[in-house]
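As structure tokens, the structure follows; a few thoughts come after it.
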Amino acid sequence: MLEIINKKVVLTRKTHECYGCLKEIERRINAIYVTAKQDEQQMRFHLHEKCNKIIAKDKWFMGSGLFKGCIKEAEKVLEVVESINITADEGLPFI
Ligand SMILES: [Zn+2]
């Protein structure tokens, strides 16, 4: 389990990989620099401002839901959910 110790806004001087979505964080933009602890080991990573908001807002990312690539994973799940089309006359197949 990942425990966040500290977060701060930084201006990136070089590109970084976002811990949440695994996409590149450009240089010279505001990013969130996170200090965290996992299995008694300290780790540091960067997040896009948007990804930080998603993580902060969504309780799903608390505790074990927060891991490297967690936002990317969540997007994949969302795509699958959105690709399920249920028309009204099909009824409710999940009940
Ligand atoms: Zn990101």
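The values are calculated or read from the model by the stated rules, or taken from the named source; none is laboratory data. Note that the structure is a prediction, hence the values are computed from the model and not measured. All Cβ positions, even for glycine, are placed from backbone atoms using ideal geometry, and neighbour counts span all protein chains on display. We work out accessible area using only protein heavy atoms, side chains counted, and drop any ligands, DNA or RNA first. Shrake-Rupley method; radii C 1.70, N 1.55, O 1.52, S 1.80 Å.
Key figures
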item: With every protein chain in place, the chain: carbon and sulfur % of accessible area (1.4 Å); result: 52 percent
item: Residue 16 long-range amide H proximity, modeled H, under 5 Å; result: 25
item: For residue 43, distant residues with modelled amide H under 5 Å away; result: 36, 37, 38
item: Degrees, to the nearest 10: 70-83 long Cα axis against longest axis of the chain; result: 20 degrees
item: Helical mean residue ellipticity (222 nm; -39500 (n - 2.57) per DSSP H run of 4+; nearest 500) of the chain; result: -7500 deg cm²/dmol
item: Karplus (6.51, -1.76, 1.60) ³J(HN,Hα), θ = phi - 60°, over the range 20-35, in Hz, Gly and Pro reported as x; result: x, 9, 6, 8, 6, 9, 5, 7, 6, 10, 6, 9, 9, 9, 10, 9
item: Relative contact order (percent, whole number), the range 10-62, Cα cutoff 8 Å, 6+ residue spacing; result: 31 percent
item: Residues of the chain: accessible area per residue with a 1.4 Å probe, Å²; result: 76 Å²
item: Calculated log₁₀ intensity ratio I(q)/I(0) where the Debye formula runs over C-alpha points of the range 2-84, q = 0.16, 0.17 Å⁻¹; result: -0.60, -0.67
item: Distance between modelled label sites at residue 12 and residue 53, nm, 7 Å Cα→Cβ extension; result: 1.7 nm
